[in-house]
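Enquirer: Sending over a structure as structure tokens; questions will come in a sec.
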Amino acid sequence: MIYQPPSGARDLLPLDVAQKCWIEQRLQQVFNCWSYQRIITPTLERLDTLMAGGAIQPETVIQLRDAEEAILGLRPELTASIARAAVTRMAGVTYPQRLYYNANIFRQTQDSYSSQQEFFQAGVELLGCSGLLADAEILLLLADCLDSLGLQRWHLILGEAELTRSLLADFPLPLREQVRHSIAQLDRVALEALSLSPQLQQRALFLLDLRGKPGDVLQRVGGLDLAPAQRLVLNNLKSLVEVLGERFSLTLDLSLIQTFDYYTGLVFEAVIDTESGVQVLGKGGRYDQLLSLYHPQGQLVPGIGFALNIEDLHQVLLPTAQLPQQTPASDWLVVPEDEQAISAAFTYAQHLRAEAKRVEIDLVPRTTESIWEYARQHRIPQIAWVSADGSPRIIAPPA
Amino acid sequence: MLTIALPKGALLKDSIRLLKSIGLDFSGFLEPANRQLQVFDATGTAKAFLVRTQDVPVYVEYGQAQLGVVGYDVLREKQPQVAQLMDLRFGRCRLSVAVKQSSSYRSALELPAHSRVASKFTYCAHAYFRDLDLPVEIIPLYGSVELGPITGMSAAIVDLVSTGQTLRENGLVELDVLFESTARLIAHPLSYRLDSYRLHHWVEQLRSATVTT
């Protein structure tokens with residue numbers, strides 16, 4: 001009998017872990033510098049908690065049942081859990097709440113064989129604040145995260161779900177969902193096949209390709225006949241683009257929308273151009289309705305956040321040789337001279353560890369030559385032979 | 001470099017003609033002795049690779065090709081996450097239900113419940129009969145689907161029909177049309193959003209070339 005992991009599961013061996021930690025530690029350092037606090041929520045949630053926001057389909061969640069037959073799911077993302085925890089468990093806290101996480105998520109994939117099911121994400125949620133400052137903080141924090149990893153040529157695609165939704169309100173109701181769906185999927189052929197008046201047809205095609213350099217796009221939208229509320233959103237977007245300045249490469253894309261109502265303001269994707277094509281590194285957006293769904297009194301609490309995909313970052317960083325190429329070696333190998341020296345060897349090793357050294361005890365009685373060989377293979381620079389009286393003989397293995 | 005996935009088979013000639021009209025020449029693929037999988041255009045702007053028609057949307061979905069030409073039938077069957085930018089209006093055909101000429105069925109709805117239906121398009125066939133609320137057994141085949149009813153293995157087939165000649169020659173008759181299909185220009189959504197390799201420019205060129213022909 002050979003025990004295999006379930007298809008789609010993977011083991012992370014020590015070098016994988018060292019590389020993953022390299023990424024996570026840099027991100028956590030940035031989160032800490034921006035004064036975000038770590039939150040840990042359960043891996044398992046009730047399925048209805050996970051699905052409340054409308055962005056998660058049940059068939060994409062790995063499901064289980066608890067003892068009372070309630071349907072549970074392995075979390076496919078963190079925002080639902082954090083929203084639930086924030087409004088129910090952290091009642092009475094003052095806003096803003098700045099929270100970050102570093103956790104595993106799970107996705108059920110139907111159609112492809114043995115595709116990955118467990119992923120890791122690091123991200124933030126900024127709760128209780130809306131407006132230009134909060135939006136700018138999140139985007140600049142995202143930029144800081146990607147810069148801390150030494151990534152070059154990354155790029156932000158930025159949309160405004162509220163503005164796009166309001167521009168879609170001109171379409172008659174039975175067709176509006178199809179127009180929105182076609183724009184979200186960039187399906188121009190379907191859009192052209194809808195029975196729309198020439199004027200609305202033109203508007204739909206305008207929205208489908210409403211992207212490019214921020215200044216150009218703002219100007220194109222500004223040329224439309226906008227209501228005061230739309231004008232306000234547009235002006236906020238303009239101010240945000242000014243605040244961001246030349247900090248990173250930015251495409252404004254007002255066709256970047258979902259087919260469901262989840263995001264209520266900014267929506268964005270950080271992408272990078274690699275040799276194997278363009279790749280998404282993380283996504284986020286503003287969700288001002290979500291927390292009220294979990295709040296006992298339905299109170300509105302605005303929120304914005306993003307999640308970075310650790311595997312995607314890992315894959316992009318791997319060829320750059322920034323990641324550790326080896327697991328860290330021990331600084332010392334401590335060898336008891338004989339059986340009487342064991343206790344002294346442990347004491348001496350502990351004394352070295354107090355100086356924050358990596359110390360390993362030699363566990364196998366063997367010849368001096370084979371100890372040297374072992375130390376060379378494991379890149380251990382110093383060996384201490386300890387005698388029963390506790391005195392060490394310190395030797396570097398001969399090259 | 002701008003990379004285009006082109007389908008082997010019926011759509012290749014028209015695809016190459018269209019790309020040539022905007023200055024991207026991949027006619028190397030049409031030479032009878034060609035065994036190359038990848039051809040660069042003479043100006044060094046773009047390259048194309050030649051793959052099975054079902055694989056075109058795969059390369060485009062994963063972003064190894066930014067553009068591709070593929071039949072709408074393949075998009076309906078595989079449901080890839082790609083941007084459908086243009087109806088190229090060649091390669092016209094339809095996905096239809098067909099039965100033996102000698103059978104009494106004159107509509108798919110007349111097929112008895114739990115009939116066997118042979119098809120290369122199992123996803124489309126399954127969805128069609130599910131929407132008709134008619135339970136059938138779909139038998140996947142990979143070629144010469146017409147043999148299904150001839151041998152008696154299946155009561156009907158769901159297959160592509162262009163002129164109908166193959167059906168007639170094999171004593172089959174077309175009943176219902178699931179949908180009409182033509183060649184489509186598809187793009188990798190993220191590359192399209194980022195306008196990588198001036199994608200938008202090339203798509204607009206193709207659009208005006210299609211309008212004038």
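The values are calculated or read from the model by the stated rules, or taken from the named source; none is laboratory data. As the structure is a computational prediction, the values presented were derived from the model and not from experiment. No Cβ is skipped: glycine too gets one built from the backbone with ideal geometry, and neighbour counts run over all protein chains shown.
Enquirer: Working only within region B:21-47, note down all residues that are closer than 22 Å to residue B:200 by Cβ and in contact with a helix residue (DSSP H, G or I) (Cβ under 7 Å, 6 or more places away or on another chain).
Expert: B:21, B:22, B:26
Enquirer: Counting only residues that are assigned to a helix (DSSP H, G or I) and either of a type outside the set (A, V, I, L, M, F, W, C) or touching a helix residue (DSSP H, G or I) at 6+ places or on another chain (Cβ under 9 Å) (or both), which one in region B:153-186 is surrounded by the most Cβ atoms within 10 Å (Cβ to Cβ)? Write out each step before concluding.
Expert: Step one: of region B:153-186, the residues assigned to a helix (DSSP H, G or I) are B:165-169.
From the residues that got through so far, the ones that are either of a type outside the set (A, V, I, L, M, F, W, C) or touching a helix residue (DSSP H, G or I) at 6+ places or on another chain (Cβ under 9 Å) (or both) too are B:165-166, B:168-169.
Working: B:165: 9, B:166: 16, B:168: 12, B:169: 9.
Only one residue fits best here, namely B:166.
Enquirer: Still on this structure, please answer the following. Of these, A:199, A:121, A:108, which one is closer than 28 Å to residue A:232 by Cα and either among the polar types (S, T, N, Q) or touching a Cys at 6+ places or on another chain (Cβ under 7 Å) (or both)? Lay out the reasoning, then the answer.
Expert: Numbers: A:121 fails: closer than 28 Å to residue A:232 by Cα; A:108 fails: closer than 28 Å to residue A:232 by Cα.
Going through A:199, A:121, A:108 in turn, just one is closer than 28 Å to residue A:232 by Cα and either among the polar types (S, T, N, Q) or touching a Cys at 6+ places or on another chain (Cβ under 7 Å) (or both): A:199.
Enquirer: Under 6 Å between Cβ atoms, at least 6 apart or on separate chains: pull out the pairs that start in region A:8-27 with a residue that is touching a residue at least 24 places away in the same chain (Cβ under 8 Å) and end on any residue that is assigned to a loop (DSSP other than H, G, I, E, B) and hydrophobic (A, V, I, L, M, F, W, C).
Expert: So the pair list comes out as A:19/A:323; A:22/A:323; A:26/A:149.
Enquirer: Just name the residue that is nearest to the other protein chains (Cβ to nearest Cβ) out of those in region A:234-291 that are of a type in the set (Ser, Thr, Tyr) and in a strand (DSSP E or B).
Expert: If we filter region A:234-291 for residues that are of a type in the set (Ser, Thr, Tyr), which is where we start, we get A:239, A:249, A:251, A:255, A:259, A:262-264, A:274, A:276, A:287.
Still in the list and also in a strand (DSSP E or B): A:249, A:251, A:274.
On the way: A:249: 10, A:251: 6, A:274: 10 Å.
Selected residue: A:251.
Enquirer: So, in region B:113-142, exactly how many residues are without any contact (Cβ under 8 Å) to a residue 12 or more places away in the chain and of a type in the set (Lys, Arg)?
Expert: Restricting attention to region B:113-142, the residues satisfying the condition of being without any contact (Cβ under 8 Å) to a residue 12 or more places away in the chain are B:127, B:130-131, B:133.
Retained after the next criterion (residues that are of a type in the set (Lys, Arg)): B:130.
Counting residues in region B:113-142 that are without any contact (Cβ under 8 Å) to a residue 12 or more places away in the chain and of a type in the set (Lys, Arg) gives 1.
Enquirer: Restricting region B:187-213 to residues that are within 11 Å of another protein chain (Cβ to nearest Cβ) and within 21 Å of the chain's Cα centre (by Cα), which is surrounded by the fewest Cβ atoms within 10 Å (Cβ to Cβ)?
Expert: B:207
Enquirer: Determine whether region A:126-137 contains at least one residue that is assigned to a strand (DSSP E or B), closer than 19 Å to residue A:34 by Cα and either in contact with a Lys or Arg (Cβ under 9 Å, 6 or more places away or on another chain) or not acidic (Asp, Glu) (or both). Talk me through it step by step, then tell me what you get.
Expert: Pass one, region A:126-137, residues assigned to a strand (DSSP E or B): A:126-127.
Right, trim to closer than 19 Å to residue A:34 by Cα and you get A:126-127.
Checking which are either in contact with a Lys or Arg (Cβ under 9 Å, 6 or more places away or on another chain) or not acidic (Asp, Glu) (or both) leaves us with A:126-127.
Scanning region A:126-137 turns up at least one residue that is assigned to a strand (DSSP E or B), closer than 19 Å to residue A:34 by Cα and either in contact with a Lys or Arg (Cβ under 9 Å, 6 or more places away or on another chain) or not acidic (Asp, Glu) (or both).
Enquirer: Anything in region B:187-213 that is of a type in the set (A, V, I, L, M) and either in a strand (DSSP E or B) or within 25 Å of residue B:63 (Cβ to Cβ) (or both)? List them, or say none.
Expert: Applying the first criterion (of a type in the set (A, V, I, L, M)) to region B:187-213 yields B:187, B:190, B:194, B:199, B:203, B:206, B:209, B:211.
Passing the criteria: B:187, B:190, B:194, B:199, B:203, B:206, B:209.
Enquirer: Just one of the numbered conditions (1) in contact (Cβ under 8 Å) with a residue 60 or more places away in the chain; (2) out of contact with any Lys or Arg (no Cβ under 6 Å at 6 or more places or on another chain); (3) under 30 Å from residue A:118 (Cβ atoms) is not true of residue A:299; which one?
Expert: Among (1) in contact (Cβ under 8 Å) with a residue 60 or more places away in the chain; (2) out of contact with any Lys or Arg (no Cβ under 6 Å at 6 or more places or on another chain); (3) under 30 Å from residue A:118 (Cβ atoms), the lone unmet condition for residue A:299 is (3).
Enquirer: Among the candidates A:216, A:187, single out the residue that is within 14 Å of another protein chain (Cβ to nearest Cβ), within 29 Å of residue A:280 (Cβ to Cβ) and either surrounded by 16 or more Cβ atoms within 10 Å (Cβ to Cβ) or more than 33 Å from the chain's Cα centre (by Cα) (or both). I'd like the intermediate steps shown before the answer.
Expert: Details: A:216 fails: either surrounded by 16 or more Cβ atoms within 10 Å (Cβ to Cβ) or more than 33 Å from the chain's Cα centre (by Cα) (or both).
When all the criteria are applied, what remains is A:187.
Enquirer: Let me ask something additional. Could you check, for region A:35-45, whether at least one of its residues is closer than 18 Å to residue A:142 by Cα and either touching a Gly at 6+ places or on another chain (Cβ under 6 Å) or not in a loop (DSSP other than H, G, I, E, B) (or both)?
Expert: yes
Enquirer: Would a scan of region A:52-74 turn up a residue that is part of a helix (DSSP H, G or I) and within 16 Å of residue A:290 (Cα to Cα)? Talk me through it step by step, then tell me what you get.
Expert: Step one: of region A:52-74, the residues part of a helix (DSSP H, G or I) are A:58-60.
Still in the running and within 16 Å of residue A:290 (Cα to Cα): none.
No, region A:52-74 contains no residue that is part of a helix (DSSP H, G or I) and within 16 Å of residue A:290 (Cα to Cα).
Enquirer: Residues being surrounded by fewer than 17 Cβ atoms within 10 Å (Cβ to Cβ) and either within 14 Å of chain B (Cβ to nearest Cβ) or in contact with a His (Cβ under 9 Å, 6 or more places away or on another chain) (or both): count how many of those fall in region A:156-183.
Expert: Within region A:156-183, residues that are surrounded by fewer than 17 Cβ atoms within 10 Å (Cβ to Cβ) and either within 14 Å of chain B (Cβ to nearest Cβ) or in contact with a His (Cβ under 9 Å, 6 or more places away or on another chain) (or both) number 1.
Enquirer: So, in region A:84-117, how many residues would count as being buried (at least 16 other Cβ atoms within 10 Å of the Cβ) and either out of contact with any Gly (no Cβ under 7 Å at 6 or more places or on another chain) or of a type in the set (Ser, Thr, Tyr) (or both)?
Expert: 14
Enquirer: Quick check: anything in region B:143-151 touching a residue at least 40 places away in the same chain (Cβ under 8 Å), out of contact with any strand residue (DSSP E or B) (no Cβ under 7 Å at 6 or more places or on another chain) and within 14 Å of chain A (Cβ to nearest Cβ)?
Expert: The answer is no; no qualifying residue exists.
Enquirer: Of everything in region A:1-50, what is of a type in the set (Gly, Ala, Ser) and surrounded by 14 or more Cβ atoms within 10 Å (Cβ to Cβ)? Give them in sequence order. Steps first, answer last, please.
Expert: Kept after step one, since they are of a type in the set (Gly, Ala, Ser), are these residues of region A:1-50: A:7-9, A:18, A:35.
Across region A:1-50, the qualifying residues are A:8, A:18.
Enquirer: Please determine whether any residue of region A:58-67 is among the small types (Gly, Ala, Ser), closer than 22 Å to residue A:123 by Cα and assigned by TED's automatic domain parsing to the domain that holds residue A:316.
Expert: Filtering region A:58-67 for residues among the small types (Gly, Ala, Ser) gives A:67.
This time we only want the ones that are closer than 22 Å to residue A:123 by Cα, so: none.
Taking every residue of region A:58-67 in turn, none turns out to be among the small types (Gly, Ala, Ser), closer than 22 Å to residue A:123 by Cα and assigned by TED's automatic domain parsing to the domain that holds residue A:316.
Enquirer: Looking only at region A:9-27, decide whether some residue is assigned to a helix (DSSP H, G or I), under 28 Å from residue A:300 (Cβ atoms), hydrophobic (A, V, I, L, M, F, W, C) and touching a helix residue (DSSP H, G or I) at 6+ places or on another chain (Cβ under 7 Å). Write out each step before concluding.
Expert: Pass one, region A:9-27, residues assigned to a helix (DSSP H, G or I): A:14-27.
Right, trim to under 28 Å from residue A:300 (Cβ atoms) and you get none.
No, there is no match, as no residue in region A:9-27 is assigned to a helix (DSSP H, G or I), under 28 Å from residue A:300 (Cβ atoms), hydrophobic (A, V, I, L, M, F, W, C) and touching a helix residue (DSSP H, G or I) at 6+ places or on another chain (Cβ under 7 Å).
Enquirer: What do you reckon, is residue A:270 closer than 30 Å to residue A:238 by Cβ and among the small types (Gly, Ala, Ser)? Walk me through it before giving the result.
Expert: Values: closer than 30 Å to residue A:238 by Cβ: yes; among the small types (Gly, Ala, Ser): yes.
So residue A:270 fits the description; yes.
Enquirer: Looking at region B:99-112, can you tell me whether even one residue there is basic (Lys, Arg), surrounded by fewer than 13 Cβ atoms within 10 Å (Cβ to Cβ) and touching a residue at least 40 places away in the same chain (Cβ under 8 Å)?
Expert: Just the residues of region B:99-112 that are basic (Lys, Arg), to begin with: B:100, B:106.
Then keep just the ones that are surrounded by fewer than 13 Cβ atoms within 10 Å (Cβ to Cβ); that gives B:106.
When the remaining residues are screened for being touching a residue at least 40 places away in the same chain (Cβ under 8 Å), the result is B:106.
Among the residues of region B:99-112, at least one is basic (Lys, Arg), surrounded by fewer than 13 Cβ atoms within 10 Å (Cβ to Cβ) and touching a residue at least 40 places away in the same chain (Cβ under 8 Å), which makes the answer yes.
Enquirer: Under the condition of being more than 9 Å from the chain's Cα centre (by Cα) and away from chain A (no Cβ under 14 Å), which residue from region B:50-79 is surrounded by the fewest Cβ atoms within 10 Å (Cβ to Cβ)?
Expert: Taking the candidates together, the pick is B:52.
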